[in-house]
Each structure stands twice: as C-alpha cells, then as structure tokens.
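All of the numbers you see were taken from the coordinates with simple rules; none came from a lab. Computed from a predicted structure; not experimentally measured. Here the Cβ positions follow ideal geometry from the backbone for every residue, glycine too, while neighbour counts run over all protein chains shown.
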Amino acid sequence: MLNEKTLKSWEELQSEIDDLITSLGDKSDSLLFRGQADSGWKLDTTMERNLKAPIYLDRYYRFAFTAKSRLETFVNLSWDIPIPPNYNKWLEEKDTLSFIDLPGYDYFAYLRHHGYPSPFLDWTVSPYIASFFAFNTATPAADKNVSFYCYLEYSDVGKIRSSDQPEIYVLGPYVKVHKRHVLQQSQYTICVELDEKCKSMYANHELVFKKDDSRQDNLWKFNIPSSERSKALGILNKMNVNSFSLFGTEDSLVESISTNEIIKNKL
C-alpha cells in the first residue's frame, strides 16, 4: 500500500520520519529506507532498466552464471553456487511462497554492487544514508523533487502471500559481499510472481504497492524539493554521512571534499 506525500523542506522530512517511527513502535525496527534523486523515477531494479522486459528466475540465473568464470579469473574470487540445472531443481522443489536461502545470494549481491543488471532493489536500514542517496546527485532546481521511501514488509502479525499475486521478499543483511554493503547498511528485496504454469518470474515492486492492504507491504514516499540539497548534504556531512564514508574509495574522498567545499562556499 502506497502512501505518498509532498513536503516543503528537509525539516519536514525529518519530522515525518520521526512521527512514522514513533507511530510504528517496535515495528519501526523493520523499516527499510531508500532515496532517489528524482521523484519521477519508478522503483525499478537495474535489471528492469537494462533488460526492458520481464525475465524468469531460471533464465536470469543462467544469464548471471555465464559471467562467473570470467569474473573469478579476473578478480581472484570464487563463488560456490549451483550449476543452472541444480538451481532449476531448487526452484521446482522449494516452497512456492518462500525464498529463504536463495542460492547464489553472495554472488548476486556482488554483481549488484558492481553494476551488473540485477533483480535486487537495494535499501538501507539508515534513514540518513537513504537521504544522502536522495540528494547527492539531485539537480537543485526549483521545479524538481527528490524522493525518500520507507518500506515496512509486515505491519500486522504476519504476511499473507498469494500464489497468483506478485510478492516482495526481503533477503536480509547476512551476505558476504563488497564492503559497501556494510558501509551503506544495505538490504535487498526481490519481487516475484508466478505465471499460469507456476513458473517464477521477476516482477516490478510497484505492482505490490498498488494493493490496497494496510496489513503488509506498506510504502511511504515523501517528495522533497531538490533545492534543499545543500542544506541536507551539509547536515549529513556533519554526521559523517558522505560519499567517502559510504564508498571508501579515493574517488569518493575527492567527491566528498569537493561537495563540502561547494556547500561551504555556496558555489
């Protein structure tokens, strides 16, 4: 269920987040956050942006598996994951409505962090990190908004899944991957639906949020003027939330320094 609201300032966003966390009580510990630099963008995965068409899980697995040997040779890493026929067998035998112990999770997360088209939608457990990603690359124009998302998978005692509806699955933080995963306090979701033959295919997350069911899959979308960028990044930088703290590279250090100087000198 989508709840969307347009705000006027960074301060209003902070107030909305605080109010939401207070209203949810203990359930707020399960909130996931995401920032996008343009409120007009959809909640698309990088796979959806690159492939432009739905894809079955087994086909995507074969697509990703073909890159494995070349990556292992070049980066001196290895992943012990099933060959495609064994992955297909897991798909056929697993609980239809569960994706616990997703085979190749580490490998898929690695691909996601290195720009390979991915069915993972990335989130963070930190509202400040999500705010940074909303504002960092935003164009500070008077007629532009960024978006800040809050997602709660369970708002009731449990989650009701249906075999004939697209469903979102939170994969959790426990995955061995690039250090950015830790720095950005990342978690990932996938959205899956079954075709008429009960074959699993990836689906768009927004299909789930169109359901009018307040008991599960609640999404809050706050739109904030991108003109608040300098203010937001300045405050976040004082919290040590910046490009360098989230990426830890030489390039991100240079970006953090330049962004800070631009904000400080109001260039």
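Does region 172-230 come out rounded, prolate or oblate by the C-alpha gyration tensor, with a ≥ b ≥ c the root eigenvalues, rounded set by a/c under 1.5 and, if not, prolate when a/b is larger than b/c and oblate if not?
Working: a/c = 2.49, a/b = 1.25, b/c = 1.99.
Oblate.
Considering the options Leu71, Leu20, Val182, tell which one lies farthest towards the positive end of the dipole of the chain, charges being +1 on Lys and Arg and -1 on Asp and Glu at the Cβ, about the Cα centre.
Leu71
Which aspartates and glutamates does Lys68 reach when only Cα atoms under 14 Å apart count, and residues fewer than 8 places away in its own chain are ignored?
Lys68 reaches Asp80, Asp106.
Roughly how many debye, to the nearest 20, is the charge dipole of the chain about its Cα centre, given +1 on each Lys and Arg Cβ, -1 on each Asp and Glu Cβ, and no other charges? Please list the in-between numbers first.
On the way: 31 positive and 37 negative charges, 137 e Å.
The dipole magnitude comes to about 660 debye.
Which residue fluctuates most in the GNM of the chain (Cα springs below 10 Å): Met47, Met201, Met239?
Among Met47, Met201, Met239, the largest mean-square fluctuation in the Gaussian network model of the chain belongs to Met239.
Near Lys210, which lysines are there with a Cα under 23 Å away, not counting those fewer than 8 places off in the same chain?
Result set, ordered by chain and number: Lys5, Lys27, Lys42, Lys52, Lys159, Lys199, Lys221.
Using only DSSP helix segments of four residues or longer, with each worth -39500 (n - 2.57), what per-residue ellipticity at 222 nm results for the chain after dividing by its residue count and rounding to 500? Could the numbers behind the result be given before it?
Numbers: 12 runs with 107 residues, N = 267.
Value at 222 nm, helices only, nearest 500: -11500 deg cm²/dmol.
Running a GNM on the chain with Cα contacts under 10 Å, which residue among Thr124, Thr66, Thr137 ends up with the highest mean-square fluctuation?
Thr66
Assuming a ≥ b ≥ c are the square roots of the Cα gyration tensor eigenvalues, decide whether the chain counts as rounded (a/c under 1.5), prolate (otherwise, with a/b larger than b/c) or oblate. Provide the component values of the computation, followed by the final result.
Values: a/c = 2.11, a/b = 1.34, b/c = 1.58.
The shape class here is oblate.
Contact order normalised by length for region 2-265, with contacts defined as Cα pairs under 8 Å and 6 or more residues apart; what percent is it? Each step should come with its number before you reach the end.
Numbers: 418 pairs, mean separation 78.2, N = 264.
Once divided by the residue count of region 2-265, the mean separation gives 30 percent.
Just for region 2-265, what percent of DSSP beta bridges are antiparallel, to the closest 5?
Numbers: 27 of 32 bridges.
Approximately 85 percent, going by the DSSP bridge assignments.
Mind checking which lysines have their Cα closer than 21 Å to the Cα of Lys238? Skip sequence neighbours fewer than 8 apart in that chain.
Lys264, Lys266
From the residues Ser226, Phe244, Ser214, which one has its Cα farthest along the dipole of the chain in the positive direction, the dipole being from +1 and -1 charges on Cβ of Lys/Arg and Asp/Glu about the Cα centre?
Most positive-ward Cα: Phe244.
Quick one: compute the contact order of region 153-204, relative version, from alpha carbon pairs under 8 angstrom and 6+ residues apart, as a percent.
It comes to 35 percent, rounded to a whole number.
So which residue, out of Ala64, Ala130, Ala109, gets the largest mean-square fluctuation from a GNM of the chain using Cα contacts under 10 Å as springs?
Ala64
How high is the relative contact order of region 94-250? Use alpha-carbon pairs under 8 Å, at least six apart in sequence, and give a whole percent.
Relative contact order, region 94-250: 33 percent.
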